[in-house]
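In what follows, a single structure is set out as structure tokens and then discussed.
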Amino acid sequence: MWDAVFAVLFVAFLVGETVADQQQWDFHQRKAWGGVINPGIIGAVLLTLLFLGSTVFTESISAAKYPAYAEYRRTTSMLVPLPRRRVS
């Protein structure tokens with residue numbers, strides 16, 4: 001009895017692996033001739049643009065609300081923590 005159960009499981013897993021391999025093969029064939037832009041990249045680019053846009057928007061709100069913020073913006077990097085810039 002256990003032999004039959006394991007044989008059925010083996011065949012089921014073999015069929016599943018064959019289907020997965022075929023799907024992967026089809027994906028790579030489509031990508032080779034027509035996929036210039038990876039769909040995963042589009043989401044990352046849009047998220048980066050959203051982050052930059054919201055940062056610029058927040059900076060403009062802070063600059064309008066606090067007059068001393070303009071001096072802070074001239075000496076401090078907006079995104080990357082760099083050493084303070086010298087103001088001449």
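The values are calculated or read from the model by the stated rules, or taken from the named source; none is laboratory data. None of these values were measured; they are calculated from a predicted model. When we count neighbours, we look across all protein chains shown, and the Cβ atoms used for this are built from the backbone with ideal geometry, even at glycine.
Scanning region 14-49 for residues that are at pLDDT 85 or above and of a type in the set (A, V, I, L, M) yields Leu14, Val15, Val19, Ala20, Ala44, Val45, Leu46, Leu47, Leu49.
Residues in region 72-88 that are in a loop (DSSP other than H, G, I, E, B) and polar (S, T, N, Q) were compared, and the one that is modelled with the lowest pLDDT is Ser88. The set of residues from region 59-71 being in a helix (DSSP H, G or I) and either in contact with a Gly (Cβ under 7 Å, 6 or more places away or on another chain) or closer than 21 Å to Arg85 by Cα (or both) comprises Glu59, Ser60, Ser62, Ala63, Tyr69, Ala70, Glu71.
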